[in-house]
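Student: Mind looking over this structure? Questions follow.
The values are calculated or read from the model by the stated rules, or taken from the named source; none is laboratory data. Quantities reported herein were computed from a predicted structural model and do not represent experimental measurements. Note that we place each Cβ from the backbone using ideal geometry, even for glycine, and neighbour counts take in every protein chain shown. All accessible areas refer to the heavy atoms of the entire protein, side chains included, with ligands and DNA or RNA removed. Shrake-Rupley method; radii C 1.70, N 1.55, O 1.52, S 1.80 Å.
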Amino acid sequence: MIDQHDTRSPVTADDVEAAVQLSLQTLAAELDADFSQSAGGLDWSCWETLEHTADGLWAYGAQVVSRRTPLDRYVALSWHRERPGGPPNALFAQREEGPAALLELLEAGGGLLAAAVRTTAPQVRAFHSYGVADPEGFAAMGVVEILVHTEDVVRGLGLDWAPPGGLCERALARLFPEVAEVATESGDPWATLLWATGRAELPGRPRRVFEQWHSAPLA
């Protein structure tokens with residue numbers, strides 16, 4: 001257990017909503033792009049990556065509100081891959097609707113997670129494979145999933161974007177407390193979050209290989 005004497009600003013439902021809107025605003029102008037292209041350095045396409053992100057938000061919301069689900073497994077959804085090597089999802093977009101369907105699922109999933117976090121008592125706990133988490137933990141995981149996977153997609157589509165530093169800093173402090181001070185030292189929380197998740201180099205720091213974040217409550 002990590003004790004930070006919690007002076008940090010928490011990650012909130014508002015942050016989840018903000019991250020979703022930033023992603024939607026970035027991608028809404030690119031609906032004619034080829035989402036079958038590879039996403040960043042992933043083995044998934046841009047379509048699969050956004051689909052996975054939306055699926056994760058829906059699933060996180062379900063974890064937060066389900067009281068019948070034990071603390072040793074996820075909600076009993078049926079997961080499968082549409083192809084070998086693709087992401088395992090319980091939720092898939094209608095391909096005939098085009099990329100707009102992905103944004104619908106992303107917006108809906110973010111709204112559901114935000115509502116779940118906003119209406120759930122902070123002492124509630126739910127399973128995650130990286131550690132049993134509180135509602136704030138799921139909010140932070142949702143934010144990081146949205147931000148880094150949007151980065152994967154915009155790289156695949158040849159775009160640039162950068163979310164606000166404060167949003168990145170709060171997510172880093174909650175899920176990567178061991179490197180949160182690096183954001184202050186670097187002066188660039190977004191670059192630090194990409195480095196923490198193994199997506200970029202950070203000057204003066206060895207490249208990180210992402211393994212997991214800290215889901216469990218910090219104190």
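Student: Consider T26 carefully, then state whether it is in contact (Cβ under 8 Å) with a residue 40 or more places away in the chain, surrounded by 13 or more Cβ atoms within 10 Å (Cβ to Cβ) and over 13 Å from the mean Cα position of the chain (by Cα).
Tutor: For T26, the condition - in contact (Cβ under 8 Å) with a residue 40 or more places away in the chain, surrounded by 13 or more Cβ atoms within 10 Å (Cβ to Cβ) and over 13 Å from the mean Cα position of the chain (by Cα) - is met.
Student: Moving to a separate point now. Quick one: is E97 under 23 Å from F138 (Cβ atoms), free of Cβ contacts under 8 Å to residues at least 12 places away in the same chain and more than 14 Å from the chain's Cα centre (by Cα)?
Tutor: no
Student: What's the total number of residues in the range 1-16 that are at pLDDT 65 or above and in a loop (DSSP other than H, G, I, E, B)?
Tutor: Number satisfying all stated conditions: 7.
Student: Give just the number: which of (1) assigned to a loop (DSSP other than H, G, I, E, B); (2) over 16 Å from the mean Cα position of the chain (by Cα) does G131 not satisfy?
Tutor: The failed condition is (2).
Student: Ok, one more. Find the residue count for the range 187-219, including only residues that are open to solvent by less than 70 Å² (accessible area, probe 1.4 Å), aliphatic (A, V, I, L, M) and closer than 23 Å to A39 by Cβ.
Tutor: 6
Student: While we're looking at this one, here's another question. Filter the range 60-103 for residues that are part of a loop (DSSP other than H, G, I, E, B) and among the hydroxyl-bearing types (S, T, Y) and give the result.
Tutor: Answer for the range 60-103, where residues must be part of a loop (DSSP other than H, G, I, E, B) and among the hydroxyl-bearing types (S, T, Y): S66, T69, Y74, S78.
Student: Scan the range 147-163 and report the pairs whose first residue is over 19 Å from V11 (Cα atoms) and whose second residue is open to solvent by 40 Å² or more (accessible area, probe 1.4 Å) and among the hydroxyl-bearing types (S, T, Y), with Cβ atoms within less than 8 Å and a gap of 6+ or a chain change.
Tutor: Listed by first residue and then by second, the contacts come to G156/S38.
Student: Examine the range 17-40 for a residue that is in contact with a Ser or Thr (Cβ under 9 Å, 6 or more places away or on another chain) and at pLDDT below 95, and state whether such a residue exists.
Tutor: yes
Student: Quick one: count up the residues across the range 53-79 that are open to solvent by 90 Å² or more (accessible area, probe 1.4 Å) and under 24 Å from V153 (Cβ atoms).
Tutor: Final tally of qualifying residues: 2.
Student: What number goes with the only condition from (1) open to solvent by 40 Å² or more (accessible area, probe 1.4 Å); (2) in a loop (DSSP other than H, G, I, E, B); (3) among the aliphatic types (A, V, I, L, M); (4) touching a helix residue (DSSP H, G or I) at 6+ places or on another chain (Cβ under 8 Å) that V124 does not pass?
Tutor: Among (1) open to solvent by 40 Å² or more (accessible area, probe 1.4 Å); (2) in a loop (DSSP other than H, G, I, E, B); (3) among the aliphatic types (A, V, I, L, M); (4) touching a helix residue (DSSP H, G or I) at 6+ places or on another chain (Cβ under 8 Å), the lone unmet condition for V124 is (1).
Student: Being touching a Gly at 6+ places or on another chain (Cβ under 9 Å), on the phi > 0 side of the Ramachandran plot and surrounded by fewer than 17 Cβ atoms within 10 Å (Cβ to Cβ) narrows it down to one residue among G85, G98, G131; which is it?
Tutor: After applying the criteria, what remains is G131.
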